[in-house]
Amino acid sequence: MFFLFVSADWSELPNQILESVLERLDLLADYVRFSVVCRSWNFIAKDNRKKRVKMPCCHPPPMLLINTDIGDIWKVYNVTDDKLLDLQVRVPNTRFCGSSKGWLIFVENDFTVTLINPFFRVRGRVEKENSIIHLPPLRLIKEIDMSRVRHERYVYKATISADPVLNANECIVVVITQPGYQLAFIRLGKDRAWSYIDGRARGRGFDEVIFLGGKFYGVRNNSRLLSLEITRFSFNRKLAARSLRRDHTIKSYLVYSNKKELLMVERHISFDRKNDMRTTSKFIIYKLNFDECKWTKKNSLGGETLFLGDNSSFSVISSSFPGCLRNCIYFTHDYDCFRSKFGPRGPNDFGVYVVEDESFLSIDSTKASMLVKMSLQPSIWILPTFQL
């Protein structure tokens with residue numbers, strides 16, 4: 001019996017099959033390997049990535065950037081493997097007020113807002129084009145004593161609606177400024193100056209902003225949620241959820257889950273004045289009932305895992321990533337309005353919270369624990385990005 005072996009032309013596989021393969025790749029390394037097989041596969045991978053970055057829940061777990069005492073060098077920590085990666089990135093030795101779509105956001109000395117992609121600036125490699133984007137400076141509130149304003153703390157939190165390189169025409173940058181927690185936004189490549197939304201209402205400003213379904217949702221520090229639709233010259237503001245009763249030692253985070261639910265996570269914080277320490281005591285999770293405009297308490301994340309901090313909050317499906325603990329919240333020592341700097345023990349308020357039994361896991365044995373405590377700047381979660 002004779003067999004006829006025909007050499008398969010893998011470059012001619014139908015696009016639908018290649019797309020199906022890509023949707024099953026969770027690791028970035030596998031994604032990159034796919035893209036270098038041939039020119040047609042690379043084209044499919046690039047097109048698939050552009051689609052993925054527009055999807056709020058289609059991403060792997062974030063990495064943790066940890067500041068070092070070597071100038072502008074930051075270490076990269078993979079929390080699911082408990083490993084410090086071999087690569088180091090070069091970004092400013094400053095506080096980052098946001099991390100979104102793989103980009104860091106910070107404020108410079110002249111109050112210019114800057115976007116920077118750390119994975120385009122790996123130490124020892126040539127920096128990629130468009131690794132840093134400078135926006136116009138923010139307008140300062142007239143009532144502020146300029147001598148007491150610190151540029152790195154002027155923005156409480158920031159986010160972007162789209163990748164500023166892959167989807168520049170859809171990218172809107174939104175920041176929450178201090179004091180007063182008003183919102184400011186700018187459309188990348190379209191606006192020459194920031195537009196401002198006064199978020200103060202009876203002393204209640206914004207805690208967090210998230211982009212979802214073509215709108216921004218902003219939660220006030222009394223848990224009242226507003227939807228903000230930004231148009232060319234103005235914005236439309238509507239009530240999305242009524243407020244809850246709460247005290248003032250709570251931080252709010254907004255997360256869009258893989259179950260397509262908008263979650264609000266309350267972080268309860270206590271302060272040890274004697275030892276100058278901040279401690280997170282518990283987390284409470286709510287989901288939004290869009291029809292009734294109210295928050296409903298949620299007692300479990302199921303198979304999901306959340307990552308909270310100065311970053312735009314992330315949700316991942318834990319079963320897709322070995323080492324990612326299900327029904328847990330990974331959190332960092334982020335910025336708060338109660339204290340302007342860390343205590344003598346450094347950024348100590350970070351760890352893993354188990355939602356099921358409302359407990360905290362010990363992380364003292366992890367490779368990142370001591371590095372985080374010794375860092376001069378707060379660590380921050382970031383989604384790993386790459387260019388094909």
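The values are calculated or read from the model by the stated rules, or taken from the named source; none is laboratory data. Since the structure is predicted, the reported quantities are computational estimates derived from the model, not experimental observations. All Cβ positions, even for glycine, are placed from backbone atoms using ideal geometry, and neighbour counts span all protein chains on display.
Tell me, yes or no, whether the range 300-310 has at least one residue that is modelled with pLDDT of 95 or more and either over 17 Å from the mean Cα position of the chain (by Cα) or loosely packed, with under 12 Cβ neighbours inside 10 Å (or both).
yes
Give the residue, chosen from F342, F360, that is at pLDDT 90 or above, more than 21 Å from the chain's Cα centre (by Cα) and surrounded by 15 or more Cβ atoms within 10 Å (Cβ to Cβ).
That would be F360, the only listed residue that is at pLDDT 90 or above, more than 21 Å from the chain's Cα centre (by Cα) and surrounded by 15 or more Cβ atoms within 10 Å (Cβ to Cβ).
Name the one entry in V219, V265 that is β-branched (V, I, T), buried (at least 21 other Cβ atoms within 10 Å of the Cβ) and closer than 15 Å to Y353 by Cα.
The match here is V265.
Out of the residues in the range 226-256 that are surrounded by 13 or more Cβ atoms within 10 Å (Cβ to Cβ), more than 13 Å from L212 (Cβ to Cβ) and of a type in the set (S, T, Y), which is modelled with the highest pLDDT?
Here the answer is Y253.
Does the range 203-216 hold any residues that are crowded, with 22+ Cβ neighbours inside 10 Å and more than 15 Å from F235 (Cβ to Cβ), and which are they?
G205, D207, E208, I210
Quick one: is Y330 closer than 18 Å to N258 by Cα, in the same structural domain as Y154 (by TED's automatic domain parsing) and not polar (S, T, N, Q)?
Spelling it out, Y330 is indeed closer than 18 Å to N258 by Cα, in the same structural domain as Y154 (by TED's automatic domain parsing) and not polar (S, T, N, Q).
Quick check on the range 166-189: of everything there that is touching a residue at least 40 places away in the same chain (Cβ under 8 Å) and under 16 Å from I116 (Cα atoms), which residue is surrounded by the fewest Cβ atoms within 10 Å (Cβ to Cβ)?
The qualifying residue surrounded by the fewest Cβ atoms within 10 Å (Cβ to Cβ) is N167.
How many of the residues in the range 121-137 are outside any strand (DSSP E or B), touching a Lys or Arg at 6+ places or on another chain (Cβ under 9 Å) and farther than 22 Å from V155 by Cβ?
3
If you scan the range 254-296, which residues turn out to be more than 15 Å from L226 (Cα to Cα) and assigned to a loop (DSSP other than H, G, I, E, B)?
S257, N258, K259, K260, E261, R273, K274, N275, D276 - these are the residues of the range 254-296 that are more than 15 Å from L226 (Cα to Cα) and assigned to a loop (DSSP other than H, G, I, E, B).
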